[in-house]
Amino acid sequence: MKILDLKTHVLSTPLDEEFAFSMGWVGRRGAMLVELVTDDGVTGWGEALCHGLQAPQVAATIVDTVLKPLVVGRDPFDVDVLWEHMYNRTRPFGQKGAVPNAISAVDIAVWDCLGRALGKPVHKLLGGAYRTDVQPYATGFYRLRNGRYPADAVAEAHRHLGRGFTAMKLKIGFGVEEDIAYVHAVRDAIGPAPKLMVDANHAYNVGAARRILKAIEPAHIHWFEEPISPEDIDGYRELKNLTDIYLACGENEFTKIGFRDWISRRAVDILQPDICSAGGFTECRKISALAQAWHLPIVPHVWASGIGLAASLQWIATLPPAPLALHPIEPMLEYDQSAHPFRQDLIHGAITMSGGRVRIPDGPGLGVEIDRDVIERYKVR
Ligand code: CA
């Protein structure tokens, strides 16, 4: 089998109402999809992460101009060799950010293609599934222009609980005192049972993060995500041993090289690589092996369309509990509940929550089929 073509599809659409996180206002949702075509007639799909403030055209240009010439004509079964080839050729201008995003999309498309060629879900090709379904947690709680906080957040929390969620993550990073009052208000409103996480999207420095950490301890917070800049590993190490709240980070880190220091220096309690960003299946399973060797759990970052969601579920299926036990600490699925006009339509609504769980797709490849009409509707020309 040979790779005949790599096509990029840039999707972008304005939101009905823009929303804010600690870094800015998000007015559009986008996706950069890769369609891999082989001489056997098998097609594979991949996706690159587009952060809220990231234009999908950036990663698409990297695929079109740099990665496509490296992989066309090659055997997709040489997936590890292809990955290292892409990484090494882009090292001088890559390593972090949009280049690993683009490599991730190509790698996911290759694995989808292999699964479809063999009639097996990707998790079977990676060694099998530790689980057939996963607990989702709701990501949301973005701020609206005319929102009232914490009242709107309390209402949103009740909506998530009403739909069956038992875990959710609050967006913070809007000011130290405001965040502390906000977290307590939501916890007081929902009671002690739901698992509650907070995410500052690296809005703070160590001093400010320390004040928040100590002040929200009584609110029984499961993890504090990206309290400080992802460039400040020593800052994370300072914060980690001050509190029982787990420290989590990883959506802005890339490849086994990037994660090596976080893992070996024990800088956080929970790692959050994004398969659409950190390097695809090929690299993320190596990150997973490193994490396992240091007994560190992974709870992947997910902020994608249905393709990235399906890829994340395939990877989550393969994550070994660290450690394995009768009642192990299991990964969760970050299940984005913020506005996204085509997240589910793109895959015919194939990934849903039922009974508070999300099932791992078990069809060939990523286990979802693509609706090309949706691509045409949102495609940037
Ligand atoms: Ca986050």
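No lab work stands behind these numbers, since they all come straight from the coordinates. A quick note: this is a predicted structure, and the numbers were derived from the prediction, not measured. Neighbour counts run over all protein chains shown; Cβ positions are idealised from the backbone, glycine included.
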The chain: relative contact order as a whole-number percent, Cα under 8 Å and 6+ apart: 20
Projected label distance in nm at residue 373 and residue 93, using a 7 Å step from Cα toward the beta-carbon: 4.0
By average C-beta atoms within 10 angstrom, highest first, the peptides 114-126, 277-289: 277-289, 114-126
Where labels lie 7 Å past Cα in the beta-carbon direction, separation of residue 166 and residue 339 in nm: 3.2
Two-site FRET efficiency, residue 53 against residue 177, from Cβ-Cβ distance with R₀ of 22 Å, rounded to 0.05: 0.25
Cα-only radius of gyration and Dmax that characterise the chain, units Å: 19.9, 59
Relative contact order (percent, whole number), segment 60-125, Cα cutoff 8 Å, 6+ residue spacing: 33
Ordering of 138-146, 84-92 by burial proxy (mean other Cβ atoms within 10 Å per residue, highest first): 138-146, 84-92
Efficiency of FRET between residue 185 and residue 15 - r from beta-carbon atoms, R0 25 angstrom, step 0.05: 0.45
Difference of contour (0.36 nm per residue) and Cα-Cα distance, residue 231 to residue 28: 70.4 nm
Anchor residue 169: lysines whose Cα lies under 30 Å away (excluding residues fewer than 8 positions away in-chain): 96, 195, 214, 240, 256, 286
Computed over segment 25-174: relative contact order in percent, which uses C-alpha pairs under 8 Å that are six or more apart: 24
Listed peptides 41-51, 185-195 by packing density, highest first (mean Cβ within 10 Å): 41-51, 185-195
